[in-house]
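Quick notes on the structure that follows.
The values are calculated or read from the model by the stated rules, or taken from the named source; none is laboratory data. Note that the structure is a prediction, hence the values are computed from the model and not measured. Reconstructed Cβ throughout: ideal geometry from the backbone, glycine too, with neighbour counts over all protein chains shown. In case anyone asks, the SASA skips ligands and DNA or RNA and just uses the protein heavy atoms, side chains included. Shrake-Rupley method; radii C 1.70, N 1.55, O 1.52, S 1.80 Å.
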Amino acid sequence: MENIRTQKGPRQRLILNLGSLDIPVEQYKELANCIESMLTGQKELFSGDPAIETLAAKASNEIRSKQADEAKKKTEDTTKPRQAEPIYENMDIQSLQASELRSLGPEYACHSIWNELKFDDVLLLSGVSKHVLPLMEALVIGRLTSPGSERHTHKWIESQSAIFELTGKPVKYSLSSLYRAGTTLFDYKNSLEAHLATREKDLFSLTERMCFFDLTNTYFEGRIPENPKAKRGRSKEKRSDCKLLTLALVIDEQGFPKYSKLYPGNQGESKTLKEIIESLVKTNPMLASNRTVVMDAGIANAENIEYLKENNFHYIVVNKGKKDFSTKDTDQMEAIRKTDTYTLEVKRREKNGEALLLCHSTAREEKDFGIRNRQEIIFIERLNYFLDGLSKKGRTKSYPKVIEIIGRLREKYPKASKLYDIEVVPETGSPKNIKAKTILWEKRNQYKDINKFDGCYVLKTDRLDLSDKEIWETYIMLTRIENAFRSMKSHLGLRPIFHQNEISADAHIFICVLAYHILHTIEYKLRQHGEKRSWASIRESLSTHQRLTIEYNVKKQNKIVRQHMRVCSLPEPDHKNIYRMLGLNEEPLPRKLYNAK
């Protein structure tokens with residue numbers, strides 16, 4: 001409270017409601033003194049209790065913010081804007097202090113894209129209260145600037161970021177309100193994705209002739225008994241010890257997301273295409289037909305390709321196997337790209353209204369050879385180990401067991417297994433206790449032929465109008481969806497998931513997808529100006545542009561007054577360059593000046 005003079009005499013006015021305090025009543029006075037000392041700079045009143053000091057710091061920051069808002073309202077001139085005039089005062093330079101340093105640069109860039117994509121418009125039309133919008137924006141931008149869980153985002157908002165100075169403060173703010181904001185965002189998933197697809201298309205004149213489709217998964221921490229989507233499956237991050245959740249994503253040729261959907265962790269890739277296409281068309285009818293769908297081999301089975309044909313979609317996919325080509329074709333290939341690091345050669349064949357393109361990459365050849373050579377070395381070592389065991393005590397000698405072991409070995413190292421013929425020779429004797437006498441193996445005759453296909457893969461498409469180079473370059477765009485998944489996992493806190501229930505886990509993933517819309521828009525706009533750095537590098541550079549409070553004592557009418565000025569640090573040359581490319585002002589927020597009371 002503070003004492004003020006009114007026409008009816010002295011009165012008390014509420015400055016701040018501290019809520020419930022986890023300290024004894026006898027320490028209330030100590031807390032009040034500590035708050036006053038932080039506001040006025042009287043070091044002798046500081047508390048030695050860390051708990052008191054933490055509460056006082058939080059309260060003083062809120063009071064300063066309120067005072068700054070009040071001062072701004074009093075000094076606002078609604079007529080013509082006036083140029084700032086110099087202010088000269090008597091100041092004690094020994095009293096100068098800087099406090100409340102908060103990150104501003106990354107938040108400013110993301111906030112501008114949030115407004116450019118008009119997130120608030122679609123949320124307000126969906127019935128979301130305007131008082132909740134700052135929470136939703138902070139939740140999404142938090143994934144971009146300081147990736148983590150909602151609990152981590154809550155701490156980031158409170159003690160590290162100036163995000164609410166950009167968005168405005170919500171009426172109520174707590175960890176629970178952040179969880180509710182995330183759930184509300186997921187409730188409007190379809191309307192948000194439809195709006196963003198349209199808005200991005202209009203902003204950047206996207207053609208949307210191609211649709212790239214792929215799946216990834218991420219893992220949970222904990223047992224997750226309450227989430228029916230949490231299933232064990234093949235983890236792409238080698239976390240087979242954890243339950244998984246699968247994300248399907250569709251992007252266009254420029255890498256902008258068009259639609260996303262969540263599946264159980266054990267979802268088969270080939271079983272998702274039909275549902276995704278139907279949901280995508282329902283959300284965005286403009287993509288209903290005459291689009292080219294690009295997929296990897298795991299999704300491109302015969303049933304899915306037939307579905308695309310029936311629904312007037314074109315396709316470019318990876319064909320399983322190379323049976324339509326012989327080793328002679330590898331000697332008749334034509335180079336379509338040469339760089340310092342690799343050469344790409346192709347051989348085309350048309351069959352039944354489809355073009356089959358055998359592609360050979362020198363870079364991939366080295367990779368395939370390395371994998372097979374490593375497997376082959378281990379494969380032979382294990383065969384020798386099993387062979388030696390036939391003559392040693394305590395090792396496996398039973399003929400059926402040895403056959404079983406060899407079968408498992410072939411399954412574990414398939415690339416090496418197909419190069420060898422293996423025979424387990426049994427001893428003569430009783431069929432019940434028959435033992436293995438020896439193990440024989442030799443390389444198959446087609447060993448050299450198999451080597452010729454190292455670095456090769458086959459693309460299949462019904463786009464006969466495309467040249468060999470256009471087919472390959474279109475397929476290579478599929479790496480953009482892999483980059484999207486990589487960005488979500490590395491830069492947007494997609495993994496791991498700590499939520500126990502289904503709706504919270506789904507909301508966590510969807511927030512990452514929304515954050516990726518902003519991330520990709522920033523990178524796309526920067527690339528148009530020749531800036532090829534990733535968001536991680538941009539974020540690191542902008543993190544040094546901060547918001548801070550400068551405190552100092554001035555002498556006014558023979559009185560010492562503590563003044564506070566909330567300012568932005570001066571942008572560095574790289575900050576200015578990034579802001580210029582994004583079309584932003586160099587000063588994110590105006591300065592605020594107010595006296596301590």
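Quick grid of which residues meet (1) β-branched (V, I, T); (2) surrounded by 17 or more Cβ atoms within 10 Å (Cβ to Cβ):
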{"site": "I157", "(1), (2)": "yes, yes"}
{"site": "H195", "(1), (2)": "no, yes"}
{"site": "F220", "(1), (2)": "no, yes"}
{"site": "P228", "(1), (2)": "no, no"}
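Tell me whether the range 205-220 contains one or more residues that are in contact with a helix residue (DSSP H, G or I) (Cβ under 9 Å, 6 or more places away or on another chain), within 25 Å of F485 (Cβ to Cβ), in a loop (DSSP other than H, G, I, E, B) and aliphatic (A, V, I, L, M).
Yes; the residues of the range 205-220 include at least one that is in contact with a helix residue (DSSP H, G or I) (Cβ under 9 Å, 6 or more places away or on another chain), within 25 Å of F485 (Cβ to Cβ), in a loop (DSSP other than H, G, I, E, B) and aliphatic (A, V, I, L, M).
Residues in the range 88-119 that are outside any helix (DSSP H, G or I) and either crowded, with 18+ Cβ neighbours inside 10 Å or among the charged types (D, E, K, R) (or both): how many?
Here the count works out to 8.
I'd like the residue in the range 14-41 that is surrounded by 10 or more Cβ atoms within 10 Å (Cβ to Cβ) and in contact with a strand residue (DSSP E or B) (Cβ under 9 Å, 6 or more places away or on another chain) and, out of all such residues, is modelled with the lowest pLDDT.
G41
Take I276 and decide whether it is open to solvent by less than 80 Å² (accessible area, probe 1.4 Å), closer than 15 Å to V250 by Cα, modelled with pLDDT under 90 and not in a helix (DSSP H, G or I).
no
For residues in the range 435-446 being open to solvent by 40 Å² or more (accessible area, probe 1.4 Å) and in contact with a Phe, Trp or Tyr (Cβ under 9 Å, 6 or more places away or on another chain), which is modelled with the lowest pLDDT?
This residue is R444.
As an exercise: evaluate R209 against (1) open to solvent by less than 10 Å² (accessible area, probe 1.4 Å); (2) under 29 Å from E470 (Cβ atoms) and give the number of the one condition it does not meet.
Result: R209 fails condition (1) only.
Taking S504 as the residue in question, decide whether it is open to solvent by 50 Å² or more (accessible area, probe 1.4 Å) and small (G, A, S).
no
Just to be sure, is V122 touching a Ser or Thr at 6+ places or on another chain (Cβ under 7 Å), touching a residue at least 40 places away in the same chain (Cβ under 8 Å) and in a loop (DSSP other than H, G, I, E, B)?
Against the criterion (touching a Ser or Thr at 6+ places or on another chain (Cβ under 7 Å), touching a residue at least 40 places away in the same chain (Cβ under 8 Å) and in a loop (DSSP other than H, G, I, E, B)), V122 does not qualify.
Yes or no, residue by residue, for (1) in contact (Cβ under 8 Å) with a residue 60 or more places away in the chain; (2) of a type in the set (S, T, Y); (3) farther than 23 Å from S149 by Cβ; (4) open to solvent by less than 40 Å² (accessible area, probe 1.4 Å):
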site: I481; (1), (2), (3), (4): yes, no, yes, yes
site: A484; (1), (2), (3), (4): yes, no, no, yes
site: P496; (1), (2), (3), (4): yes, no, no, yes
site: W535; (1), (2), (3), (4): yes, no, no, yes
site: E540; (1), (2), (3), (4): no, no, no, no
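Could you grab me the full set of residues in the range 335-376 that are open to solvent by 90 Å² or more (accessible area, probe 1.4 Å), without any contact (Cβ under 8 Å) to a residue 12 or more places away in the chain and not polar (S, T, N, Q)?
Answer for the range 335-376, where residues must be open to solvent by 90 Å² or more (accessible area, probe 1.4 Å), without any contact (Cβ under 8 Å) to a residue 12 or more places away in the chain and not polar (S, T, N, Q): K338, D340, R374.
Quick one: G321 ticks every box in (1) in a loop (DSSP other than H, G, I, E, B); (2) open to solvent by 10 Å² or more (accessible area, probe 1.4 Å); (3) touching a residue at least 40 places away in the same chain (Cβ under 8 Å); (4) closer than 29 Å to L203 by Cα bar one, so which box is it?
(4)
Applying the selection to the range 64-103, what residues are modelled with pLDDT under 65 and of a type in the set (S, T, N, Q)?
T75, T78, T79, Q83
Looking only at helices (runs of 4 or more DSSP H) that lie completely in the range 361-471, which have at least 2 residues being of a type in the set (G, A, S)?
Because the criterion is at least 2 residues that are of a type in the set (G, A, S), the helices (runs of 4 or more DSSP H) in the range 361-471 that meet it are 362-389, 414-417.
In this structure, is L249 touching a residue at least 40 places away in the same chain (Cβ under 8 Å), crowded, with 19+ Cβ neighbours inside 10 Å, under 20 Å from K201 (Cα atoms) and touching a Ser or Thr at 6+ places or on another chain (Cβ under 6 Å)?
Spelling it out, L249 is indeed touching a residue at least 40 places away in the same chain (Cβ under 8 Å), crowded, with 19+ Cβ neighbours inside 10 Å, under 20 Å from K201 (Cα atoms) and touching a Ser or Thr at 6+ places or on another chain (Cβ under 6 Å).
Among the residues of the range 159-181, count how many are closer than 15 Å to K130 by Cα, part of a helix (DSSP H, G or I) and either small (G, A, S) or open to solvent by 40 Å² or more (accessible area, probe 1.4 Å) (or both).
Residues in the range 159-181 being closer than 15 Å to K130 by Cα, part of a helix (DSSP H, G or I) and either small (G, A, S) or open to solvent by 40 Å² or more (accessible area, probe 1.4 Å) (or both): 3 in total.
Say we look at the range 542-576 and pick out the residues that are of a type in the set (S, T, N, Q) and either touching a residue at least 12 places away in the same chain (Cβ under 8 Å) or open to solvent by less than 30 Å² (accessible area, probe 1.4 Å) (or both); which of these is nearest to R143 (Cα to Cα)?
Restricting to residues being of a type in the set (S, T, N, Q) and either touching a residue at least 12 places away in the same chain (Cβ under 8 Å) or open to solvent by less than 30 Å² (accessible area, probe 1.4 Å) (or both), the top hit is S543.
Could you tell me whether any residue of the range 405-417 is closer than 30 Å to E473 by Cβ, in contact with a helix residue (DSSP H, G or I) (Cβ under 9 Å, 6 or more places away or on another chain) and hydrophobic (A, V, I, L, M, F, W, C)?
Looking for residues that are closer than 30 Å to E473 by Cβ, in contact with a helix residue (DSSP H, G or I) (Cβ under 9 Å, 6 or more places away or on another chain) and hydrophobic (A, V, I, L, M, F, W, C), one finds none in the range 405-417, hence no.
Mind checking which residues of the range 2-42 are touching a helix residue (DSSP H, G or I) at 6+ places or on another chain (Cβ under 9 Å) and under 20 Å from N595 (Cβ atoms)?
Once the filter is applied, which keeps residues that are touching a helix residue (DSSP H, G or I) at 6+ places or on another chain (Cβ under 9 Å) and under 20 Å from N595 (Cβ atoms), the range 2-42 yields I15, L16, A32, N33, C34, I35, E36, S37, M38, L39, Q42.
Among the numbered criteria (1) under 22 Å from A484 (Cα atoms); (2) touching a helix residue (DSSP H, G or I) at 6+ places or on another chain (Cβ under 7 Å); (3) not in a helix (DSSP H, G or I), which single criterion is violated by E237?
Against the list (1) under 22 Å from A484 (Cα atoms); (2) touching a helix residue (DSSP H, G or I) at 6+ places or on another chain (Cβ under 7 Å); (3) not in a helix (DSSP H, G or I), E237 comes up short only on (2).
For (1) touching a Cys at 6+ places or on another chain (Cβ under 6 Å); (2) at pLDDT 90 or above; (3) within 30 Å of A355 (Cβ to Cβ); (4) of a type outside the set (S, T, N, Q), each residue gets a yes or a no:
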| residue | (1), (2), (3), (4) |
| --- | --- |
| I422 | no, yes, no, yes |
| E427 | no, no, no, yes |
| S430 | no, no, no, no |
| G455 | no, no, yes, yes |
| L466 | no, yes, yes, yes |
| E482 | no, no, yes, yes |
| G493 | no, no, no, yes |
| P496 | no, no, no, yes |
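Given (1) of a type outside the set (K, R); (2) modelled with pLDDT under 90; (3) surrounded by 17 or more Cβ atoms within 10 Å (Cβ to Cβ), identify the lone condition not met by N595.
The single condition N595 does not satisfy is (3).
Out of E531, E587, which single residue is without any contact (Cβ under 8 Å) to a residue 60 or more places away in the chain and closer than 25 Å to F485 by Cβ?
After ruling out the rest, the residue left standing is E531.
Out of the residues in the range 383-433 meeting the condition of being surrounded by 15 or more Cβ atoms within 10 Å (Cβ to Cβ) and of a type in the set (F, W, Y), tell me which one is farthest from N445 (Cα to Cα).
Selected residue: Y399.
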